[in-house]
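To start, the structure under review is shown below, and the notes come after it.
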Amino acid sequence: MSDRKNPYPFEQFEPKWQAIWDKEKTFKVSNPGEPGFDASKKKCYILDMFPYPSGAGLHVGHPEGYTATDIVSRYRRMNGYNVLHPMGWDSFGLPAEQYAIKTGQHPAITTQANIDNFRRQLKMLGFSYDWDREIATTDPRYVKWTQWIFLRLYNSYYDTEQQKARPVSELEARGWSREQIDAVRLAYVADGMVNWSPDMGTVLANEEAEEWKSKGFTVERRKLRQWMLRITAYAERLIDDLEPLDWPESIKMLQRNWIGKSRGAEVNFTCGEHTITVYTTRPDTLYGATYMVLSPEHELVPAITTPEQKEAVDAYRKACAAKSDLERTDLAKEKTGCFTGAYATNPVNGKQIPVWIADYVLTGYGTGAIMAVPAHDSRDYEFAEKFGLPIIQVVQPDDPGTPWRDFVGYNGTMVNSEHLNGLSVTEAKAKMIAWLEEKHYGAGKVNYKLRDWLFSRQRYWGEPFPVLWDNETGHHCALPETELPLLQPEMEDFKPSGDPRGPLVKATGWIHYSDRYTRETNTMPQWAGSCWYYLRYLDPTNDNAFVGKEAEAYWMGGNGKPGGVDLYVGGTEHAVLHLLYARFWHKVLYDYGLVSTPEPFNKLVNQGLILGEDGQKMSKSRGNVVNPDDIVREYGADSIRLYEMFMGPLKEVKPWATKGVEGISRFLARVWRVAMTETQEGTWALSGKVTDEDNGEVTPVRKELHKTIKKVTEDIESMSFNTAISKMMECTNAMTAATKVCLTDYVTLLHLLNPFAPHITEELYSLLQAQYPALPAGGLCTQTWPAFNPEYLVENMREIVVQVNGKLRDKVQLPVDADRETAEAAALAAPKVQDFIAGKTIRKVVVVPGRLVNIVAG
RNA sequence: GCCGACUUGGCGGAAUUGGUAGACGCGCUCGACUCAAAAUCGAGUUCGAAAGAGUGUGGGUUCGAGUCCCACAGUCGGUACCA
């Protein structure tokens with residue numbers, strides 16, 4: 001504690017009000033059918049991205065988004081909504097486990113301690129969460145339903161006719177074999193090249209690998225058998241349904257790019273007795289294909305390689321396999337490759353073209369094979385130049401200055417392409433696809449960059465897969481739902497051992513389910529819990545369903561409007577991970593009618609990053625991290641809340657400035673001192689400046705107040721909190737300057753400020769209530785949001801700007817309803833204007849009524 | 001490389017449909033109160049002595065451009081051989 005006396009006694013009343021809200025459950029909201037539910041009110045679901053409870057506690061980025069949603073939540077409540085505003089913990093995850101391993105403590109213990117600390121910090125900031133709905137993804141009652149949803153995925157396939165998930169039992173009924181069914185499940189097992197981190201002893205999703213690499217962990221490619229989720233089945237819907245969402249355009253763009261839809265064609269080339277299928281987005285350039293490239297891992301490589309080339313090909317494939325992901329991408333500037341000795345036939349002209357292998361062709365995308373058109377593809381061009389392969393022009397750029405070599409644009413005309421000659425690229429593309437389909441050489445095809453989601457981890461601190469393996473048949477099957485939740489076994493040693501099956505294999509008693517069945521030892525990634533947490537808040541204690549029907553329909557239902565979460569605020573870092581995964585899971589649940597809307601989050605807002613005082617990203621190593629605990633101790637919770645909203649627009653990146661918090665603290669102190677004065681003894685008492693005498697006069701303060709009501713209301717709606725605060729500052733300054741302030745005016749200002757700074761406003765209101773019993777009972781936060789009186793905003797006279805040749809020269813006062821002639825005459829008569837137009841001819845006079853007059857003279 | 005966002009005083013940032021650039025706050029300067037300081041209150045603060053010039057740079061549209069159009073530069077974020 002500093003020895004400086006606080007400018008207002010927040011250290012006394014902030015904890016007091018927090019205790020009151022806690023005890024009275026002020027912000028508890030009931031579900032339909034529960035006592036206290038008010039069906040006459042509209043619903044509003046305002047959601048924060050729940051935190052991962054790390055050992056470091058809150059950083060200043062958390063209160064930024066959380067204050068924004070808290071302001072909107074409190075504002076909506078005062079406007080008569082049933083507001084669902086919950087908080088919980090994304091408490092599974094690698095950091096907790098890494099920390100547990102380091103300290104030798106069980107992750108359950110450290111996680112619980114971290115949650116307790118996070119909860120303390122959030123309560124210290126006065127957020128209006130309904131704490132009765134608190135959830136943690138590690139809670140067995142939550143794990144049960146995460147596993148239940150997984151089993152739903154496991155027991156589903158994607159019906160491409162109906163475009164939705166259906167139960168695999170349908171396929172059984174149609175006589176599908178066990179193997180056939182396993183091959184189409186939405187949760188399936190596959191061998192594949194995966195990102196394996198030896199440091200952490202686990203595999204990682206493509207989406208995560210980079211993040212961990214940047215934290216200094218090694219990640220390498222390794223062929224392992226893993227659980228996958230078939231998110232690719234939803235690629236089309238994940239793109240299409242993005243369109244109507246009220247999300248930042250940049251986030252939609254990131255998701256679209258990540259899904260990476262492209263249209264083109266698959267074309268069959270014959271190569272001896274084999275057929276090699278390539279995928280191309282430029283079938284129009286088929287006549288320019290001068291060679292073909294397979295990925296080194298392509299299954300036909302051994303079959304087509306000639307004996308003379310076998311040694312070289314094997315060596316090249318071996319070299320590629322040894323390369324890490326990093327080498328394959330970062331050093332990829334220089335193209336490498338190897339001729340297989342084989343030739344393929346180009347179906348359009350029967351030409352024989354050499355077949356190469358090169359690692360610039362990826363196994364996982366398209367068919368893992370391409371036709372190379374070096375004239376019109378930069379990568380093929382580079383490769384052809386290096387290995388001396390022929391380059392044939394088939395597109396002539398429309399812009400005469402552009403050379404045709406390495407021309408990859410679409411604004412060109414076909415040449416050297418027989419029946420395509422003279423067509424535009426776009427026309428030729430369509431014509432070639434039709435031609436290929438007619439001749440059965442290929443077909444139009446849509447491709448996605450999105451890969452299936454690698455869903456298993458070899459870690460202890462995650463949900464175990466509710467899956468059993470049959471020791472006799474080697475098949476997997478679902479654990480009966482009645483046995484959920486399946487929790488991890490108690491283990492002394494849960495360190496990764498390097499065994500790709502994960503640490504759970506060491507729990508020999510646990511994995512032995514019966515003589516016939518063995519448990520799956522993989523666990524789910526942290527994303528599993530965060531994929532559906534927003535649904536659990538709706539009905540957090542339901543043990544019969546992941547969410548009750550009625551609760552889901554009420555809080556997520558649209559009633560004609562889009563529905564879903566009404567406002568979701570969080571950082572951009574989840575643009576393609578959590579926000580894509582959650583949409584995927586939601587769609588599966590939607591296909592089964594288990595949720596009401598096709599999309600979970602109707603409106604998304606990204607708060608901007610808060611940088612350190614030095615303008616750099618906050619980090620321990622830079623030593624520029626600001627701890628909310630310290631700020632609250634020095635300046636109070638209201639000050640940090642208000643400051644973070646005042647720094648600038650919510651969405652922008654902005655640097656922290658502790659001096660700015662001081663300024664905000666001074667503002668709150670001014671609000672305090674409008675009503676309060678310090679006594680001889682150094683305590684605070686009502687000053688008498690705020691008085692219930694009111695003759696109904698529309699004073700300048702009252703006018704300012706009503707302008708403020710209008711501005712703050714509009715600004716909260718548009719989430720422009722910084723300008724709302726500056727307007728309240730102006731209003732407060734007007735009240736400070738006045739000798740007397742009407743009680744109702746002052747209380748109205750407290751209403752406006754309450755969502756931003758709930759503690760000080762409640763305290764002042766309760767002090768005034770004690771003095772003036774006529775004031776409505778109860779806290780400000782339960783009262784109605786003020787409305788402005790439009791009559792108070794009407795001005796009789798208005799200042800009109802007078803310009804000469806576009807430059808401001810004078811101002812004149814005119815009645816608001818002055819006509820053009822009056823305005824023009826007044827402008828021309830203005831003394832300073834006279835000086836500037838002296839000796840000049842007036843060519844034109846532009847009058848914008850109520851704003852300005854511009855005199856054009858020369 | 002590609003995609004996206006951004007660029008306004010010493011600093012964070014304000015500016016309806018194009019119509020007074022710099023609201024509000026920080027910092028700074030001066031003053032009041034005080035033995036003194038802190039706190040508080042008041043005045044001033046884009047640059048320039050002035051004419052004037054000013055919203056990243058260069059052009060354009062317009063009576064009038066921070067705002068619209070074209071070109072370029074810089075900063076930040078995403079992505080990275082996706083055929």
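Counting DSSP beta bridges with both partners in chain A, what percentage is antiparallel, nearest 5? Given both bridge residues lie in chain A, the antiparallel proportion sits at roughly 75 percent. Please list, in order, the residues from segment A:279-298 whose amide nitrogen is less than 13 Å from a point placed 7 Å along the Cα→Cβ vector of residue A:431. Taking a point 7 Å out along Cα→Cβ of residue A:431, the residues of segment A:279-298 whose backbone N falls under 13 Å are A:284-287. Consider a paramagnetic label point 7 Å from the Cα of residue A:856 along Cα→Cβ; state which residues of segment A:787-815 have an amide N under 12 Å from it. The answer is A:805-806. Among the GluC sites (Glu not before Pro) in segment A:457-498, those placed in a DSSP loop whose Cβ has at most 12 other Cβ atoms within 10 Å are A:472, A:490, A:492.
Summing -39500 (n - 2.57) over the DSSP H runs of n ≥ 4 in chain A and dividing by its residue number, what mean residue ellipticity at 222 nm do you reach, to the nearest 500 deg cm²/dmol?
Theoretical 222 nm ellipticity from helices: -11000 deg cm²/dmol.
Gain on full extension, evaluated as 0.36 nm per residue between residue A:516 and residue A:385 minus their Cα-Cα distance, stands at 41.1 nm. Of the trypsin sites (Lys or Arg not before Pro) found in segment A:758-821, no site is in coil according to DSSP while having at most 16 other Cβ atoms within 10 Å of its Cβ. To put it simply, the accessible area of segment A:390-463 at a 1.4 Å probe is 53 percent carbon and sulfur.
Candidates A:104, A:35, A:56 compared by Cα position along the dipole of segment A:1-106: farthest toward the positive end lies A:35, with charges placed on Cβ. Under 30 Å of direct C-alpha separation, and excluding same-chain neighbours fewer than eight residues apart, residue A:144 reaches these lysines: A:25, A:28, A:43, A:102, A:123, A:164, A:495, A:506, A:549, A:587, A:603. Computed from the Cβ-Cβ distance with R0 of 51 Å, the FRET efficiency linking residue A:846 to residue A:774 stands at 0.40.
Bridgeable lysines around residue A:832 (alpha carbons under 27 Å apart, same-chain partners fewer than 8 residues away excluded): A:807, A:811, A:840, A:844.
Quick check on segment A:136-196: take the gyration tensor over C-alpha atoms, sort the square-rooted eigenvalues as a ≥ b ≥ c, and tell me if it's rounded (a/c under 1.5), prolate or oblate. It is oblate, given that a/c is not under 1.5 and a/b is not larger than b/c. Charge dipole of chain A (Cα centre as origin; +1 on each Lys and Arg Cβ, -1 on each Asp and Glu Cβ, all else neutral): 1220 debye, rounded to the nearest 20.
Which shape class applies to segment A:587-708: rounded if a/c is under 1.5, otherwise prolate when a/b exceeds b/c and oblate if not, where a ≥ b ≥ c are the square roots of the Cα gyration tensor eigenvalues? Oblate, because a/c is 1.5 or more while a/b does not exceed b/c. Think of segment A:269-403 as a dipole: +1 on every Lys or Arg Cβ, -1 on every Asp or Glu Cβ, centred on the Cα centre; then among A:304, A:293, A:371, A:304 lies furthest on the positive end. Using only the Cα atoms of chain A, build the gyration tensor, take square roots of its eigenvalues as a ≥ b ≥ c, and label the shape rounded, prolate or oblate: rounded if a/c is under 1.5, else prolate if a/b is larger than b/c, else oblate. Here chain A falls in the oblate category.
Dipole magnitude for segment A:120-186: computed about the Cα centre from +1 point charges on Lys and Arg Cβ and -1 point charges on Asp and Glu Cβ, it is near 220 debye. How many lysine pairs are close in segment A:374-494, with Cα atoms under 23 Å apart and the two 8 or more places apart or on different chains? Final tally of qualifying lysine pairs is 5.
Taking all protein chains into account, the per residue accessible area for chain A stands at 44 Å² (1.4 Å probe). Counting charges near residue A:38 (Lys, Arg +1; Asp, Glu -1) among other residues having Cβ under 13 Å from its Cβ returns a value of +4.
Using a probe radius of 1.4 angstrom, the carbon and sulfur fraction of the accessible surface of segment A:98-203 is 49%.
For segment A:1-45, the list of trypsin sites (Lys or Arg not before Pro) that fall in a loop by DSSP and count at most 10 other C-beta atoms within 10 angstrom reads A:4, A:5. For the pair residue A:767 and residue A:677, the difference between a 0.36 nm per residue extended length and the Cα-Cα distance amounts to 31.1 nm.
Listed by chain and number, the lysines placed with their C-alpha closer than 18 angstrom to that of residue A:707 are A:727; residues fewer than eight positions away on the same chain are left out. Atom-type composition of the exposed protein surface of segment A:237-338 places 54 percent of the accessible area on carbon and sulfur (1.4 angstrom probe). Think of segment A:441-530 as having a plus end and a minus end, set by charges on the Cβ of Lys, Arg, Asp and Glu; of A:494, A:456, A:473, A:456 sits farthest toward the positive end of this dipole.
Per residue, the convex hull spanned by the Cα atoms of segment A:443-558 amounts to 203 cubic angstrom.
The values are calculated or read from the model by the stated rules, or taken from the named source; none is laboratory data. Just so it is clear, the structure is predicted and the values come from calculations on it, not from any experiment. When we count neighbours, we look across all protein chains shown, and the Cβ atoms used for this are built from the backbone with ideal geometry, even at glycine. These area figures cover heavy atoms from the full protein model, side chains too; ligands, DNA and RNA do not enter into them. Shrake-Rupley method; radii C 1.70, N 1.55, O 1.52, S 1.80 Å.
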